[in-house]
Every structure is written in structure tokens, then in C-alpha cells.
Amino acid sequence: MKKMRKDILLFLSKLIVVLIIFFSLMIFPKQVFEASLRGLNAWWTIVLPALLPFFIMSQVLVALGIVQFLGVLLEPVMRPIFRLPGSGAFVLAVGYTSGAPISAIVTADLRKKHLLTRNEAERIICFTNNASPLFMFGAVGVGMFKSLEIGVIIAASHYLANIFLGLCLRFWAPRNYNMHYNSQTLGIKMAFKTLIESQISNKTPFGKVLGDSVRTSLQNLAQIGGFIILFSVIIELLTIFNVIGLISVGLAFLLSPLMLDFQLAKGITSGFVEMTIGAKLIAESASPLHLQVAAVSLILGWSGLSIHAQAISMLATTDIRFYPFVIARFFHGIMAAAITLLIYNPTVSAMSQYSNLSYLEFSTFNILTYSGGIFVLILATLLFLSLVLSLIKKIRPILHFLFH
């Protein structure tokens, strides 16, 4: 009876929210239309061209067995450091390269193919959800703060906080989780053997693999576009009904000892829903620069309800639980803001006006070039560490024999 009452209350709350939004669409058609256009423009000009190539190639690489190949090669570095299989390195590289929510999509795909356990999938999605690097450098640093140095500070805080989160989450693995690996069963020879076995077992023609990858990627991106437009409308409605304003007043009052002005509080409140809009409002506030930068790091770590909704939709067809992701986003935001305050250099504000920003253009070509380079660099670094650790494990018995 108690559970039924709870389910009824939950249903009624959902119904009320949906009805409020539905009738608001009819009452404020002009504002809703303009908000929809803003969301559509952001999706069409930034999200679609930036993520579509990576979505397609990640699908193709998984289908061709490249992820299994990398999994064998990168097992020596992923297992001891993060207590994850080597295949998790692909999620890490994509997540730190292209931004959310591609890590959720790739994680769900690997879980469906049983390349990750549920616990592994839940842990890896918690620390591979990042803002796009070029978004932090270009849109936020250069575009909003007119300073590449600030973009570097935000990106460094963002990545360091997520890596630290990943190191902490290794202790969330089950007690009987095997964190050791047999160096004799790994290596390039075994990796190629795994790749060949994957190809033998998968007889799907490459043309169909490519076509399926394009279709699935477009479906996922269309879904993401819908969420971007929806949350753009929701933020507009919250602004019309002054909900964001009221929350911002309360937040500004609570944090007044930190010298936060109303504009910055409004940016944090808006960023709770959608991080791009929140970052723009924060950059326009009159608060001290170090507090502005820390506040942007906070909302980029949290990611915004829009990203949360996108991730939920991608994980809905798996058994991956979502609450660890939400908790991780909260702690990511707190840690990123704290790291920002620790590494912030007061001379940044003085350097900003002398920065040469003309060479960094926020274009589709730069997004693809920069993200592709970072993707290759991350995989190459992990591969180098993997080979070094594997070599150390192989020669350790020899060293022990010689010096003992």
C-alpha cells in the first residue's frame, strides 16, 4: 500500500510538471519559439558537426573489434590504476576528447556487448563525462572570458578532478574483483589474436557495419538535439516564471560572505539546468574573477540537467544504474571548483588583455582537428604506460633473482 501511494504521488508530480510545460507552450509561443531556435542553432552548428564523426567511428571501431584489441594492449595500465579492463581505455579516450554524452553512449554499447560488467560500466561513466576540451578553451576561455589562460585553468581543474574521482572509484569495485593481470597472456601477439577472433565471429559485411553506425549515430544525435531544444525551452520558462530569479536571490544571500553578486548566483542556478547558459551569465557578473572561474568549474563539473537527461536516455536500454553518475557529477563539480581556487594565478586577469586570441577560432574544423589529436595522444600515452608496466612486471622476477 505504501509503495502504491508512493507510485501515485510520483505519477501525479510528473503529470503536473508536464501539464505546466504544455500549457506554458501555448501561453508564451513567441518566447518558446525563440528558445527552440537557440537550442536548434547550438545543436546544428556545434554539437552535430563536432560529435557525429566520433559517434560513427566509435561504432565502427567497436564493430571491427578494435576495442577488444585495445583492451588487451591497455589492460596493464587500466587494471592497476582504475581497476577496470583494458577496453575501458577506449571510453576514457573518447570521453576526454569529445565531451558528453559520448562516454555514456560508448559505455552502454560496451555493456551490451559484455565487454564491461555493470559495476565497471557504472564506475567508468562517472569519471569519463567531460565538457569538450575546445568548448572549455574556445567557447568559455576565449569566447566568454577573453582569456586562453582562464580556459587552461578551467580545463586543468576539470580533468584533474575527474581523474582523481576515477582513482577514488577504484575502491568501489567488489571485494572479489580481480585487479591483477597475467602479463604472459597479454601483449601485441595476444591483441592481434583477439582481433582476428573477433573478425571471425563477426561476419557482418563492412558496408552494413558502416551503414548501421551512421544510422545509430544520427538517431543518438537527433535524440541529443531534442534534449538541447527541450532544456533551452525549460530554462526560458523558468526565467519567465522568475523561478531562476528567486533561487538566485536566495543563493546570493547565503553566499554573500564570499562576495557573490546576483548575476553570478543566477549563472550558477541556470548552470544547474544547462551549463552553457550558466557559464555565459557567470562570465558577465561583477564578482571577483577567481570566483567567476571557480563557479564555471563548478557547473561544468555538474554538467547540467540537460546532460544528465541525455545520459539517462542513452543508458535506459542497459542495466547500468544512474544514481552513481549523479552523485559523481556533484563531487566532480565541488572538486573542480576547489582545484580552480588552488591553482588560480592572480596575474591571469592582467595577462588576459594582452593575450593574442586571433589564432584560436571556434570552428568545426578546429573541433575535429583538436579532438582527433587529443584522442590519438591519450591512446598513445596509455599504450606507452601499458607497455612499460607490462615490461616491469615481466623483468621483476629476474631483478629479484639477481639482487637477492
Quiz item: So which residues in the stretch 296-321 are over 14 Å from the mean Cα position of the chain (by Cα) and surrounded by fewer than 19 Cβ atoms within 10 Å (Cβ to Cβ), if there are any at all?
Solution: SER313, ALA316, THR317, THR318, ASP319, ARG321
Exercise. Six or more apart or on different chains, Cβ under 8 Å: which pairs go from a residue in the stretch 64-90 that's free of Cβ contacts under 8 Å to residues at least 40 places away in the same chain and crowded, with 23+ Cβ neighbours inside 10 Å to one that's part of a loop (DSSP other than H, G, I, E, B) and aliphatic (A, V, I, L, M)? Could you list them?
Key: SER87/LEU115; SER87/LEU116; GLY88/LEU116
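Condition check: crowded, with 24+ Cβ neighbours inside 10 Å, in contact (Cβ under 8 Å) with a residue 24 or more places away in the chain, closer than 24 Å to GLU120 by Cα and of a type in the set (Gly, Ala, Ser). Does GLY271 satisfy that? I'd like the intermediate steps shown before the answer.
Details: crowded, with 24+ Cβ neighbours inside 10 Å: yes; in contact (Cβ under 8 Å) with a residue 24 or more places away in the chain: yes; closer than 24 Å to GLU120 by Cα: no; of a type in the set (Gly, Ala, Ser): yes.
In short, no.
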Quiz item: If you go through the stretch 39-71 one residue at a time, how many are farther than 27 Å from LYS113 by Cα and of a type in the set (Ser, Thr, Tyr)?
Solution: 1
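Please tell me if SER24 is surrounded by 14 or more Cβ atoms within 10 Å (Cβ to Cβ) and in a helix (DSSP H, G or I).
Working: surrounded by 14 or more Cβ atoms within 10 Å (Cβ to Cβ): yes; in a helix (DSSP H, G or I): yes.
Yes; evaluated as a whole, the condition is true for this residue.
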Quiz item: What is the one condition in (1) assigned to a helix (DSSP H, G or I); (2) crowded, with 24+ Cβ neighbours inside 10 Å; (3) not acidic (Asp, Glu) that CYS168 does not satisfy?
Solution: (2)
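Examine the stretch 116-130 for a residue that is aromatic (Phe, Trp, Tyr) and more than 20 Å from the chain's Cα centre (by Cα), and state whether such a residue exists.
Filtering the stretch 116-130 down to residues aromatic (Phe, Trp, Tyr) leaves 127.
Retained after the next criterion (residues that are more than 20 Å from the chain's Cα centre (by Cα)): none.
No, because not a single residue in the stretch 116-130 is aromatic (Phe, Trp, Tyr) and more than 20 Å from the chain's Cα centre (by Cα).
Does ILE228 satisfy the condition of being in contact with an Asp or Glu (Cβ under 9 Å, 6 or more places away or on another chain) and either assigned to a helix (DSSP H, G or I) or not hydrophobic (A, V, I, L, M, F, W, C) (or both)? Break it down stepwise before answering.
On the way: in contact with an Asp or Glu (Cβ under 9 Å, 6 or more places away or on another chain): yes; either assigned to a helix (DSSP H, G or I) or not hydrophobic (A, V, I, L, M, F, W, C) (or both): yes.
The answer is yes for ILE228.
Here is a yes/no grid of residues against (1) more than 30 Å from ASN119 (Cβ to Cβ); (2) at pLDDT 85 or above:
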| site | (1), (2) |
| --- | --- |
| ALA311 | no, yes |
| ARG321 | no, yes |
| ILE327 | no, yes |
| ALA336 | no, yes |
| LEU341 | yes, yes |
| MET351 | yes, no |
| SER358 | yes, no |
| THR364 | yes, no |
| ILE367 | yes, no |
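The values are calculated or read from the model by the stated rules, or taken from the named source; none is laboratory data. Keep in mind that this is a model prediction, so the values were computed, not measured. Using ideal geometry, Cβ is built from the backbone for each residue, glycine included, and neighbour counts are taken over all protein chains shown.
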